[in-house]
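Can you keep this structure in mind? I'll have questions shortly.
Every number in this text was worked out from the coordinates using simple rules, so none of it is lab data. Keep in mind the model is a prediction, meaning the values are calculated, not measured. Cβ atoms come from the backbone with ideal geometry, glycine included; neighbour counts cover every protein chain shown.
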Amino acid sequence: MSTVAQIRTILEAAYPPSLAESWDTVGLVCGDPADEVRRVAFALDCTQAVAEEAVRIGAQMLVVHHPLLMRGVTSVAADTPKGKVIHTLIKGGVALFSAHTNADSARPGVNDRLAELVGITPGRPILPKSGAAVDKWGVHVPPADAEALKAALFDAGAGEIGNYRGCAFDIEGTGQFTPVEGADPTDGEVGVPHRAAELRVEFVAPASRRRALIDALRAAHPYEEPAFDILEMADTSDTALAPGLGRIGELPEPMTLRDFTQQVADALPQTEWGVRAAGDPDAVIRTVAVSSGSGDSFLDAVRGLGVDAYVTSDLRHHPVDEYLRAGGPPVIDTAHWASEFPWAAQAAGIVGGEAGVETHVIDLRTDPWTLSAHASNAHPSK
């Protein structure tokens, strides 16, 4: 039997909350973590229709991308739009969970699925997120005590590099100090300069373990005042595999912007918005950047990436015009819903595979645009 808490754990492992943008709200919105879950529904938005469908199909949990309560509310009374949704879910015994910008940045996540659909292998993000901070340590210790000290530090989380443990480098040298009044030296005498053979032990450790390692060092080191230094290292993680917003990749074969725009339209769920492009229709496209959802905030970043096209959503006239005037590559504008809805099946696959519960993607189109029209005899200048 799976519970809401167990499904939440699976989702937070796949889409770590730490990857969410600072303004975002993600996680469990309503529901009892102890409740049993046999069926999980997935959708992009938790509209009233989606909530009612989740109840109708007998789901005990609904997972969505867009947070229902991201914009502040002062009431969830049943006669308010969002309150009605919450009451529908609670009365129907359905817990609600959202994975938003954390799912955008995760690997695999929303942007990976979009990249795959438009025909590229997802590579580095447009805006990679830095890996966890890592410290480089140097600790001076008498040779006879080095192995015991290293063992204590390794037990506290030091010396891990990839799939290797107990990693360190020893440098032989000579230490020098003069104990003064109040000192209780392990070696040497108060007031007398002391020189002795020492090892400098160097290793790396997560910055998050810094305090624990300092405590372990002081407890295991033979000296009352250990000599050590800590330097925070620059991020050297592989950006091709890093989490972050957007993805960059290459098409198997070059094609024109005209043909690539059609390929994008054919690959994404159909909407009234459709797919439109800005740029030379005959421009040759090979390297592509994508960003699911609203992506005009990345236009400046994309312009400096050397890509041939940028696929995103919710683009506006003036930002695109200025971007193209500044030399930016062609852009392809899709419907917001269409660029992100395919993630629902990806998330369902993760939960179904790990929890062994039944999953169901609610395919109601929650794109707000319901109609589009083009004048049959329109003139471009009008």
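Considering only 192, 201, 85, give the residue with the highest GNM mean-square fluctuation for the chain, with springs between Cα atoms whenever their separation is below 10 Å.
Greatest mean-square fluctuation among the candidates belongs to 192.
Can you figure out the FRET efficiency of residue 210 with residue 181, using R₀ = 25 Å and their beta-carbon distance, to the nearest 0.05?
Numbers: r = 32 Å, r/R0 = 1.26.
Calculated transfer efficiency: 0.20.
What is the angle, in °, between the Cα long axis of helix 210-220 and the longest principal axis of the Cα atoms in the chain? Nearest 10 is fine, range 0 to 90.
20 degrees
Against the longest principal axis of the chain, how steep is helix 81-91, in degrees 0 to 90 to the nearest 10, with axes from Cα atoms?
Roughly 70 degrees, rounded to the nearest 10.
Could you check the spin-label model distance between residue 229 and residue 161? Points 7 Å from the Cα along Cα→Cβ, value in nm.
Between residue 229 and residue 161, the label points sit 1.9 nm apart.
For 194, 65, 140, 374, which order do you get if you count the other beta carbons within 10 Å of each Cβ and list the fewest first?
Details: 194 13, 65 26, 140 19, 374 5.
Neighbour counts put them in this order, fewest first: 374, 194, 140, 65.
Using DSSP to define loop residues, name the GluC sites (Glu not before Pro) in the range 203-254 whose beta-carbon has at most 12 other beta-carbon atoms within 10 Å.
Values: sites: 224, 232, 250; in loops: 224.
Those satisfying the criteria are 224.
For the range 247-261 and the range 22-46, what is the separation of their C-alpha centers, rounded to whole Å?
Computed from Cα coordinates, the inter-centre distance equals 36 Å.
From the list (1) 26.6; (2) 28.0; (3) 19.5, can you say which value of mean projected area of the Cα convex hull in nm² was derived from the structure given?
Comparing each candidate, only (2) matches the computed number.
Would you calculate the separation in nanometres between label points at residue 18 and residue 144, each defined as 7 Å from the Cα along the Cα-to-beta-carbon direction?
4.1 nm
I've got another one for you. Could you put 230, 120, 90 in order, starting from the residue whose Cβ has the fewest other Cβ atoms within 10 Å?
Numbers: 230 14, 120 21, 90 17.
So the residues, fewest neighbours to most, are 230, 90, 120.
Using the count of nearby Cβ atoms within 10 Å as a rough guide to exposure, how do 273, 137, 369 rank from fewest to most?
Numbers: 273 18, 137 21, 369 13.
Least crowded to most crowded, the residues run 369, 273, 137.
Here's a follow-up. Take the alpha-carbon centre of the range 150-171, take the same for the range 327-353, and report the distance between them in whole Å.
One Cα centre to the other: 41 Å.
How high is the FRET efficiency between residue 374 and residue 322 when r is their beta carbon distance and R₀ equals 25 Å, given to the nearest 0.05?
Working: r = 26 Å, r/R0 = 1.04.
It comes out at approximately 0.45.
Right, another one. Please report the base-10 log of the normalised intensity I(q)/I(0) for the range 134-232, using a Debye sum with one equal scatterer per alpha carbon and no solvent, at each q in 0.11, 0.19, 0.23 (1/Å).
The Debye formula, applied to the Cα set alone, gives -0.33, -0.89, -1.19.
Relative to the Cα centre, what is the charge dipole magnitude of the chain, using +1 at the beta carbon of each Lys and Arg, -1 at the beta carbon of each Asp and Glu, and rounding to the nearest 20 debye?
On the way: 30 positive and 52 negative charges, 269 e Å.
With only Lys, Arg, Asp and Glu charged at Cβ, the dipole is about 1280 debye.
I want the local charge near residue 274. Using Cβ-Cβ distances under 12 Å, sum +1 for each Lys or Arg and -1 for each Asp or Glu among the other residues. Mind dumping the intermediate values first?
Numbers: positive: 276; negative: 266, 272, 333, 367.
With Lys, Arg at +1 and Asp, Glu at -1, the neighbours total -3.
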